[in-house]
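Shown next, in structure tokens, is the structure this report addresses.
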Amino acid sequence: MSQKTEKLIDKKGLRLDGRKPDELRPIKIEVGVLSNADGSAYIEQGKNKILAAVYGPKELHPKHMALPDRMVLRCRYHMAPFSVQERKSPAPSRREIELSKVIREAIEPAIFVEYYPRTAIDVFVEVLQADGSTRCTSITAASLALADAGVPMRDLVVACSAGKVEDTIVLDLMDAEDKVGSADVPVAYMPNLGVITLLQMDGILTPEEFEKAVNLAIEGCKKIYALQKEALKAKYVSVKEVEE
Amino acid sequence: MPTFFERRQIATPGDLLADGDYIAGENTYKEGSKIYAARIGLVEYEDKKVSVVALRAFYIPRVGDTVIGTVVEVGFSGWTVDINAPYLAILRASDVLNRPFKPQRNDLTEVLDVGDLVVAKIVSYDRTHNPQLSVNEPGLGKITRGQIVKITPTKIPRVIGKKGSMISMIKQETGCHIILGHNGIILITGKSLENEELAMMAIHKIEEESHTTGLTDRILQLIRKEKEKREVVENESKN
């Protein structure tokens, strides 16, 4: 793919899908889409389509895994076999196991885990269609599903990626940019508290570029946060408006 | 000492509610002098207390609560009861039988079996132990008839209404006996299935619109309208 002479950024400074370097992909969020789950959320970010479901808190089985002083958070990130161009085996891959851990650790700081000892919360993230930065989109959806389940949280967690493509620092990488570009920096952030809960880097950046990328990602997070809040409220406000 | 929300405005987790000399109430937390929301809900300011009335939450047992639960396991000396909480509750045989019993002789399934519903009171619970139930009070015990409605536990206070205005209105209008479990499970027993259905419908409506104002009056109208409709249908079928 990198052999092609296709430019990721054209002469006008626009990206493959016509975005400016600091522009997000179009985002659509819906909360409470699954009735069986205690909490759920569905997000579309560009071509990414991700579903998150939360069950719990509930008693943990097997019981010996329960912790006497805090809640156990379990997370499963999974990509549907049809989520990518070439069929992905439904068995959890190394990458998926790693991403499950990454997502869990990104949302755990937001939850009051010490409130409910000896219990567990299950978070399921199902990627229906993948187009780059799925870990970020998954975190955004998972934290909404948790809030929808009524789990007490310090803040909503939002995530967004930034990276370097053809010597330009860009926001919200999509698949092609992620694969061909030279660096990818996913950031998860709690906007009200100003706390970063996930920070990774894949590729090479100078310290200056890195700082610029992180700041750009945080700006992106803040924009997504506004959409996240709107989506969460929308579930209840719609009832209110009909009445008044 | 500013506050950042109006009363009854919707807040989401992490929203800054107040800064200064305030007390963090339900579903909020304090960091330094700032108070933030911990759940999605409606903001409530009361003197110095800032709280959030949650729109979604799960039930956490509290000593003294009346709950309705399902028996999920019969053991040697008691039952395990699912009370719609993250923790399973224990009901002791000695508490139910009120007399000494021997596991070899008494068969506990004769008293309560898996799947039976019970109204019980929580007598003890803390972080390290699962809640323990008791049925040693009038009105508690096995449920033999009626309808069960499940709602979000945080909305039980709304179903009760101010000084019980809502629940007494529903009881009066439908003629049903209603037991509210603090865990969000409601038992309705009435003279006929129609009356029970009427009460169920009213409760579902309350759950949907719990955060709106003037709800009691609207529910009253709803029940009366529904009653009229049914009477008309009845009369037509007689003619």
Give the calculated FRET efficiency between A:Val195 and A:Lys20 to the nearest 0.05, with a Förster radius of 30 Å applied to their Cβ-Cβ distance. 0.60
Once the Cβ-Cβ distance between A:Lys222 and A:Glu166 is put in as r, and R0 is 30 Å, what FRET efficiency do you end up with, to the nearest 0.05? 0.70
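Could you line up A:Met201, A:Met65, B:Met166 from fewest to most neighbouring Cβ atoms inside 10 Å?
A:Met65, A:Met201, B:Met166
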Just flag the trypsin sites (Lys or Arg not before Pro) in the range B:77-124 sitting in loop per DSSP whose Cβ has no more than 15 other Cβ atoms within 10 Å. B:Arg105
In this model, which of A:Lys212/B:Lys34; A:Lys164/A:Lys212; A:Lys20/A:Lys49; A:Lys20/A:Lys212; A:Lys233/B:Lys155; A:Lys47/A:Lys88 are farther than 20 Å apart at the alpha-carbon? A:Lys212/B:Lys34; A:Lys20/A:Lys49
Just subtract the alpha-carbon distance of A:Ala66 and A:Lys12 from 0.36 nm times their residue separation and send over the number in nm, one decimal. 13.8 nm
FRET efficiency for B:Lys102 and A:Ile97 from the Cβ-Cβ distance with R0 = 51 Å, rounded to 0.05, comes out at 0.50
Only loop residues by DSSP count here, and only those with at most 14 other Cβ atoms within 10 Å; note down the chymotrypsin sites (Phe, Trp or Tyr not before Pro) in the range A:152-231 that meet that. none
Dipole magnitude of the range B:20-107 about its Cα centre, charges +1 at Lys/Arg Cβ and -1 at Asp/Glu Cβ only, in debye to the nearest 20? 260 debye
Hey, what D do you get for chain B in µm²/s if you plug the Kirkwood alpha-carbon radius into Stokes-Einstein at 37 °C and 0.692 mPa s? 162 µm²/s
Give the order of A:Asp10, B:Asp116 when sorted by the count of other beta carbons within 10 angstrom, beginning with the fewest. A:Asp10, B:Asp116
What distance in nm separates the two pseudo spin-label positions at B:Thr109 and A:Phe112, each 7 Å out from Cα along the beta-carbon direction? 4.2 nm
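Quick one: of the DSSP bridges fully inside the range B:14-93, what percent are antiparallel, nearest 5?
Within the range B:14-93, antiparallel bridges account for around 90 percent of the total.
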Two pseudo-spin positions, 7 Å from Cα along C-beta at B:Val72 and at B:Lys238, lie apart in nanometres by 4.9 nm
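Based on other C-beta atoms within 10 Å, arrange B:Thr189, B:Thr109, A:Thr197 from fewest to most.
Going from least to most buried by this count: B:Thr109, B:Thr189, A:Thr197.
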Rounded, prolate or oblate: which fits the range A:142-228, taking a ≥ b ≥ c as square roots of the Cα gyration tensor eigenvalues, rounded meaning a/c under 1.5, else prolate when a/b beats b/c? prolate
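Each value in this text was obtained by applying a stated rule to the coordinates, not by laboratory testing. Everything numeric in this text was worked out from a predicted model, so none of it was measured. Neighbour counts run over all protein chains shown; Cβ positions are idealised from the backbone, glycine included.
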